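What follows is a short report on a single structure.
The values are calculated or read from the model by the stated rules, or taken from the named source; none is laboratory data. Remember, predicted model here, so these are calculated numbers, not experimental data. Reconstructed Cβ throughout: ideal geometry from the backbone, glycine too, with neighbour counts over all protein chains shown.
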């Protein structure tokens, strides 16, 4: 299938549940209304559509048309699923999706100093994991004090890190 629009990971299909083809599902964006069709990638990286037959947000279970039994459902478990960017809910100002920040250039004093390689949001404050031009990987708290501007269109993040950050 050829996809005309940018696709992003919106969640993960986990293991099967029961014998009727139900699958456990995890949805990443908050307040995301699941569209009637989501996509997974095949072995060649092509997007395959999955038509949602039933979905229970409360139970975290989903069922797809054509995957009505356990054996068929097992074929699509443990896979990330994708949606079109336009299907994602709009975010508040100064809030971003991970795909918008990953691989962005990090700029300090008008010079590129590295790229965002990961975002660690396991703690109360998210951290940008930055692979710097000196080959060191540094962590920067994703707070206004250090992250001055995020320019999604140009994929640049302007920072003013704490004193001594570069010597880490």
Picking from 21, 15, 66, the residue that is on the phi > 0 side of the Ramachandran plot and loosely packed, with under 14 Cβ neighbours inside 10 Å would be 66
Suppose the filter is closer than 27 Å to residue 158 by Cα, in contact (Cβ under 8 Å) with a residue 60 or more places away in the chain, touching a helix residue (DSSP H, G or I) at 6+ places or on another chain (Cβ under 6 Å) and surrounded by 14 or more Cβ atoms within 10 Å (Cβ to Cβ); does residue 116 pass it? no
Condition first: free of Cβ contacts under 8 Å to residues at least 40 places away in the same chain and either exposed (fewer than 15 other Cβ atoms within 10 Å of the Cβ) or not assigned by TED's automatic domain parsing to the domain that holds residue 76 (or both). Now tell me which residues in the range 31-52 satisfy that. 36, 37, 42, 43, 44, 45, 51
Among the numbered conditions (1) at positive phi; (2) modelled with pLDDT under 90, tell me where residue 98 comes up short. (1)
Looking at (1) in contact with a helix residue (DSSP H, G or I) (Cβ under 8 Å, 6 or more places away or on another chain); (2) in the same structural domain as residue 39 (by TED's automatic domain parsing), find the lone condition where residue 60 falls short. (1)
